[in-house]
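Below you'll find the structure, written out as structure tokens, and then a few comments.
The values are calculated or read from the model by the stated rules, or taken from the named source; none is laboratory data. All values derive from a computational prediction rather than experimental measurement. Cβ: placed from backbone, ideal geometry, glycine included. Neighbour counts: every protein chain shown.
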Amino acid sequence: MESAMPPVQPGQRSAYGPGGSMPRVRRLRLVLSVLGGMIALLCVGGAGVVYVAYDTVTQPDRSAPDVVVDNYLRAVFVERDDVKAAIFTCPESARLAPLLLLRADLLSREQEFGTQFNVSWGSLGMITRDEFAEVTLELRISASVDGFEQSDLQGWRFELAESDSWRVCAAAENA
């Protein structure tokens, strides 16, 4: 029976060094392979850490009722972004119609008078009861029409509910 490796003739070198040790080239390949595998694992782990950090930083803040109302109003009136506003609302948002009607009215008047309305608000009053909260505030609606600065103050009340986080469920102008 023949052996898998030819016998070493006198004057020939074995594939292995003296004493059966690995030659330098094979040892270098093994070290490089191990280092490459470790670097690949570090890259995959680093990508996971970056994803989690990015997800945490970009999550909207819905930790408190007043913060949610502030973010919701900013999305509706300042950024005018309905998709972003929806992040802060309850799934059933029909009771937010009065505020959205106000915004639609302002947008139509902007077109009619060729001006832009600015909506701002000050401090927010808050009452919390378990998973429900009520936030009150005054909206200041201002615009410059024909060179005259005009503004109006309106009191508003927002109802919020908390399930996984706080969400705006209803808005109504104070009578």
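Where strands (runs of 3 or more DSSP E) sit wholly within segment 98-175, those with at least 2 residues that are among the β-branched types (Val, Ile, Thr) and either over 28 Å from the mean Cα position of the chain (by Cα) or farther than 22 Å from PRO60 by Cβ (or both) occupy 132-145. Applying the criterion of being touching a Pro at 6+ places or on another chain (Cβ under 8 Å) and of a type in the set (A, V, I, L, M) to the residues of segment 146-175, the residue that is surrounded by the most Cβ atoms within 10 Å (Cβ to Cβ) is LEU160.
So, in segment 58-95, how many residues would count as being of a type in the set (Gly, Ala, Ser), in contact (Cβ under 8 Å) with a residue 60 or more places away in the chain and within 10 Å of VAL168 (Cα to Cα)? I'd like the intermediate steps shown before the answer.
Applying the first criterion (of a type in the set (Gly, Ala, Ser)) to segment 58-95 yields 63-64, 75, 85-86, 93-94.
Then drop every residue that is not in contact (Cβ under 8 Å) with a residue 60 or more places away in the chain, which leaves 63-64, 93.
After this cut, where a residue has to be within 10 Å of VAL168 (Cα to Cα) as well, the list is 93.
The number of residues fulfilling the criteria is 1.
The residue that is farthest from ARG95 (Cα to Cα), counting only those in segment 138-175 that are β-branched (Val, Ile, Thr) and out of contact with any Cys (no Cβ under 8 Å at 6 or more places or on another chain), is VAL145.
For every residue, the table says whether it meets (1) modelled with pLDDT of 90 or more; (2) surrounded by 12 or more Cβ atoms within 10 Å (Cβ to Cβ); (3) not assigned by TED's automatic domain parsing to the domain that holds ALA161.
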site: TYR72; (1), (2), (3): yes, yes, no
site: ASP81; (1), (2), (3): yes, yes, no
site: ILE87; (1), (2), (3): yes, yes, no
site: SER93; (1), (2), (3): no, yes, no
site: LEU96; (1), (2), (3): yes, yes, no
site: LEU100; (1), (2), (3): yes, yes, no
site: ARG103; (1), (2), (3): yes, yes, no
site: SER108; (1), (2), (3): yes, no, no
site: GLN111; (1), (2), (3): yes, no, no
